[in-house]
Amino acid sequence: MNSPELTTSENYWDLAQLAAASLVVPTHVPVPGWGEFMEGIGSTIYMEYAQDTISLEEFVRRVESEGNRSLTEAMD
């Protein structure tokens with residue numbers, strides 16, 4: 001967090017550092033299978049969306065379908 005390249009105003013890294021310092025990890029109820037989903041296909045889907053290779057509609061459709069499949073498998 002204190003690296004010189006992260007404390008400059010170039011590309012707003014200084015603001016990103018301030019924002020990151022303010023993050024609070026919420027308490028939540030663990031969902032069986034969610035971690036596996038996010039470490040696998042979920043991560044791929046998010047990356048494809050972040051790289052603008054799939055549309056928002058496709059992103060939502062795939063997260064819902066693959067997420068439901070993964071969570072259903074984890075519950076069995």
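Below, the figures for the structure above:
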quantity	calculated
Of the criteria (1) at pLDDT below 90; (2) acidic (Asp, Glu); (3) surrounded by 13 or more Cβ atoms within 10 Å (Cβ to Cβ), which one residue 76 fails	(3)
In the range 1-50, the residues that are at pLDDT 85 or above and among the charged types (D, E, K, R)	36, 39, 48
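The values are calculated or read from the model by the stated rules, or taken from the named source; none is laboratory data. Treat the numbers as computed from the prediction; the structure is a model and nothing was measured. Cβ atoms come from the backbone with ideal geometry, glycine included; neighbour counts cover every protein chain shown.
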